[in-house]
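A.B. asks: Got a structure for you, questions after.
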Amino acid sequence: MDATNSVSKGVFVFKNGATRTKGRKKVQSCNSFLDASTTNKLWYRIYKKHWERSRQMISKLQTGSYSMIIDDLLKFIENCRKSHEYEGFLPTAALLTGINQIDHLSQFEKLAYDIHNNTLSIVVLLQARDGSNLKQAIETIVGKCIESQARDNSNEKRFRKNQLNLDVLQAWYLETHANRDARPKLIIVVPDFELFNQVVLQDLIIILDSYAAMLPFVLVFGVATDISTIHNVLPYHVTSKIKISVFQSEPSATNLNKILNEVLLTPFCPFHLSSKVFKLLLDIFLFYDFSVNGFIEGFKYAFMDHYFQKSINALSAIIDDTDELEAIINELSSSELQQIRQLPSFRPYVESQQNPQDVIDLLTNDDHLKRSLTPMVMQVHNYWFTFHCALHILHTLVGDLPKAPLGKQIREMYCLCVASDVTQLPEFKECIQLLSFLSKEEMLLKIKQVLDVVLLWVNRNDQLSIEGCLVYDVAPLEEMANGLVLLSEELVAANHEPFLGENQHDKPSALLSPNMGRQELREKLLTAAKHSKNESAVSRAMGKIMDYCLKNIFQRYLRPATSQTVPLVELFLYNDSTYLRQHIIGTPRAAVHIALNNPQYYTQCDCCIPDESSCIVPSLPDLSIAYKLHLECGRLINLFDWLQAFRMIIDDKNNDEPEQQVEPIVQARFTRVVAELQFLGFIKTSKTKTDHVTRLTW
């Protein structure tokens, strides 16, 4: 008893005569809350359609990056036993996955499946929980090797668990595959290398090496951190038995950048995040868990909430043609059309109309408003198309500048551009100044890369046209390309000879006048220094290119989406960062306090409603009563006084006798809640006073 610090000193079990049921009760199927009335609504149909489309694109990207690693790993497994390089060693592949990949375990389950299907191998997935000791690890390896062949052959001999050892595996392997020309390799995949027991793993490798002459073992380690972890875990006498080949998967940040650049931060995604919301999801990813799956789930929640808030947000759908958009518009009711009229961006659009009759019809006539919605929605689609194209052009120009004033990734520039006019930022002006320092050849290379970006976006639009989807207006992109081509041709023809002004030859004589005083000469020298130096044709052409990009691309197409500039932009932009933070970032301390201080908030029962905010009623749960009483105490809580207060609340009949002997049932209930409060971290035992506990929260 002295070895424990717990307040409660024992746990007692009272048998009440209950017996175990012979058969399990059938689990009743749980019906989804998404009934037909919900799934048939406009907002849910649009949400479901577009999220499935986005999810498929994300899965395609992830599968493509995963397949490259798989191909290299399969080549290693096929060739490792044929090469003389691995003689006397256990062939070992270290797959560096990075922390918090999409799903670490499922990734290795698929890896084992692909190895089994694409190579002549027997694959065993050995997790850390299956290798708590050496005996269990060997039994798992032997059992799964034999079991994998037993599935294909029903006549295979069955072994008891206590018979499973490597001698049995060797005898079974030689008997089963002795007459075959090509024998299968025994692949042992350890997905969680950092979690595996170090001593067990060291002994296991040494034992496997002793059988390697007859059994073709190949090890695959899943390492989430760094290759140095293997050398830290395994001493030299163990690493000398293996020969490691390292395979590097994509880091989480690279994987996320690819998903953002190809799927989420494109005009082909109907849903866009404001700067605050996007920065919130990025901060959770970068500073908390590096989980790509967590970022996607947060994006999905915002995606669903955006469509759930208002049915009119379904107008932001990526449509195949105008007929589909008109079908969506015709489903809108009069109240939903009134919601559109109440949007902040609708008023500037109405005020911009020249015809007074159009203004009246937009505000009063629902049919006229429905006819006007199609060009308004198409205008917003075209805005996002040119916005993202200009964003990629900006990234091409300034992404590799020294110190990267605007950032190195598109996601960093998106946060800046969607929040404010990026051309007014001091970082943007610094980037323009750095671009002016480039050489002629570097600037021509930049222009070529920009033209490639514009061509890529035009080709994307053509591909959508072939697929029968919505076609964007590419006239602004063609205008950009033509202007940049003309300016680049002028830069190619330019040379470095300076232009001489009209008074350039008179300057030395004017500065060296014999009748000039020292003060006058100083002023003239300062004035001459302030004047711009002689410009060459190259610097003038580069200046024209920078001026063209600033005025005709960035100031025109990279402006932020506001209610004054883009009509109906609220339908495409989600900016409720406070609501999203409350639902994806947990506040466990506040939730526990609410549950204990006001349990009716969660239980929704009438008996737990107090008469006043500070009242403690006997019908409250015991834990809630003890918690409220402990809030009234100071740093040290006397257990006897706490018990008496607890007894007086739950035992209304004996309130007049405070010194009465406490009933065993009441004392047991109090002991239990004190132990629960200690487990939750609200109190701890006091070292100075044995009959007191220390309060830990305030």
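A.B. asks: Round to a whole number: what % of the accessible area of the chain belongs to carbon and sulfur, probe 1.4 Å?
C.D. replies: Heavy-atom surface of the chain belonging to carbon and sulfur, 1.4 Å probe: 53 percent.
A.B. asks: While we're here: What do you get when you divide the Cα radius of gyration of the stretch 232-308 by 2.2 N^0.38 Å, with N the number of residues? Walk me through the intermediate numbers first.
C.D. replies: Working: Rg = 18.8 Å, N = 77, 2.2 N^0.38 = 11.5 Å.
For the stretch 232-308, the normalised Cα radius of gyration comes out at 1.64.
A.B. asks: Still on this model: Counting only the backbone N, which residues of the stretch 260-291 are under 14 Å from the spot 7 Å out from the Cα of residue 581 toward its beta-carbon?
C.D. replies: 275-284
A.B. asks: Further question on the same structure: Along its principal axes, what span do the Cα atoms of the stretch 113-233 show, with the longest given first and each in whole Å?
C.D. replies: Here the spans come out as 43, 32, 25 Å, largest first.
A.B. asks: List the residues, sorted by chain then number, that are 5 or more residues from residue 425 or on another chain and whose placed amide H is less than 5 Å from its amide H.
C.D. replies: So residue 425 has HN proximity to no qualifying residue.
A.B. asks: Right, something else. If R0 is 25 Å, what FRET efficiency do you get for residue 640 and residue 604 from their C-beta distance, rounded to 0.05?
C.D. replies: The value I calculate is 0.10.
A.B. asks: OK, next. Could you please state, rounded to a whole Å, how far the C-alpha centre of the stretch 278-329 is from the C-alpha centre of the stretch 355-424?
C.D. replies: 17 Å
A.B. asks: A follow-up question, please. Out of all DSSP beta bridges in the chain, what portion is antiparallel? Express it as a percent rounded to 5. Don't skip to the end; give the middle numbers.
C.D. replies: On the way: 7 of 31 bridges.
Roughly 25 percent of the beta bridges in the chain run antiparallel, per DSSP.
A.B. asks: With N set to the number of residues, divide the alpha-carbon radius of gyration of the stretch 588-695 by 2.2 N^0.38 Å and report two decimals.
C.D. replies: The reported ratio for this selection is 1.07.
A.B. asks: Exceeding 28 Å between C-alpha atoms, which entries from my cross-link table qualify? They are 60/370; 110/408; 279/403. The partial results should precede the final answer.
C.D. replies: Details: 60/370 37 Å; 110/408 34 Å; 279/403 21 Å.
Violating the 28 Å limit, Cα to Cα: 60/370; 110/408.
A.B. asks: Over the stretch 130-257, average the accessible area per residue using a 1.4 Å probe and give it in Å², no decimals.
C.D. replies: 49 Å²
A.B. asks: Can you pull the semi-axes for the stretch 356-444, root of five times each eigenvalue of the Cα gyration tensor, sorted largest first, whole Å?
C.D. replies: Equivalent-ellipsoid dimensions as semi-axes: 41, 13, 12 Å.
A.B. asks: May I pose another question? Suppose all protein chains stay in the model; what accessible area per residue would a 1.4 Å probe give for the stretch 588-695, in Å²?
C.D. replies: Value for the stretch 588-695: 61 Å² per residue.
A.B. asks: Related question: From the alpha carbon gyration tensor of the stretch 179-270, can you work out the equivalent ellipsoid semi-axes (sqrt of 5 times each eigenvalue) and give them in Å, largest to smallest?
C.D. replies: After scaling each eigenvalue by five and taking roots: 37, 19, 10 Å.
A.B. asks: Helix-derived [θ] at 222 nm for the chain: sum -39500 (n - 2.57) over DSSP H runs of at least 4, divide by residue count, nearest 500?
C.D. replies: That comes out to -16500 deg cm²/dmol.
A.B. asks: Give the residue list of trypsin sites (Lys or Arg not before Pro) in the stretch 542-641 that are DSSP loop and have at most 13 other beta-carbon atoms within 10 angstrom.
C.D. replies: In loop regions of the stretch 542-641 (DSSP not H, G, I, E or B), the sparsely surrounded trypsin sites (Lys or Arg not before Pro) are 635.
A.B. asks: Mind listing the Cα extents of the chain along all three principal axes, in Å, largest one first?
C.D. replies: 112, 85, 73
A.B. asks: Right, another one. Once phi is turned into θ = phi - 60°, what whole-Hz ³J(HN,Hα) does the Karplus curve with 6.51, -1.76 and 1.60 give for every residue of the stretch 132-138, x standing for Gly and Pro?
C.D. replies: Calculated HN-Hα couplings, in order: 5, 9, 5, 4, 5, 4, 5 Hz.
A.B. asks: Please list 3J(HN,Hα) in residue order for the stretch 593-604, calculated via the Karplus relation 6.51 cos²θ - 1.76 cosθ + 1.60 where θ = phi - 60°; whole Hz, with x for glycine and proline.
C.D. replies: Using θ = phi - 60°, the values come out as 5, 5, 5, 7, 7, 9, x, 5, 4, 9, 6, 6 Hz.
A.B. asks: In addition: Can you give me the angle between helix 664-680 and the longest principal axis of the chain, using Cα atoms only, in degrees from 0 to 90, rounded to the nearest 10?
C.D. replies: Result, in degrees: 30.
A.B. asks: OK, next. Could you pull out every residue, at least 5 positions away or on a different chain, whose amide H is within less than 5 Å of the one on residue 94? Hs are placed 1.01 Å off N in the peptide plane, and Pro or chain starts have none.
C.D. replies: Here 221, 245, 246, 247 satisfy the definition.
A.B. asks: Something else about it: Per-residue HN-Hα couplings for the stretch 255-267, Karplus 6.51 cos²θ - 1.76 cosθ + 1.60 at θ = phi - 60°, whole Hz, x for Gly and Pro?
C.D. replies: After applying 6.51 cos²θ - 1.76 cosθ + 1.60, I find 4, 5, 4, 5, 5, 5, 6, 9, 10, 7, 9, 9, x Hz.
A.B. asks: Follow-up question, since we're still on this one. Any of 300/628; 300/429; 144/241 with alpha carbons more than 30 Å apart? Name them for me.
C.D. replies: 300/628; 300/429
A.B. asks: Mind pulling the per residue volume of the convex hull built on the Cα atoms of the stretch 536-583? Å³ is fine.
C.D. replies: 107 Å³
A.B. asks: Cα to Cα, under 14 Å, and not fewer than 8 places away if on the same chain: which aspartates and glutamates meet these conditions relative to residue 524?
C.D. replies: Qualifying aspartates and glutamates at Cα under 14 Å: 506.
The values are calculated or read from the model by the stated rules, or taken from the named source; none is laboratory data. For clarity, every value in this text was computed on a predicted model and none was experimentally measured. For neighbour counting, all protein chains shown are included, and Cβ atoms are generated from backbone atoms with ideal geometry for every residue, glycine included. Surface accessibility is based on the protein's heavy atoms, side chains included, excluding ligands, DNA and RNA. Shrake-Rupley method; radii C 1.70, N 1.55, O 1.52, S 1.80 Å.
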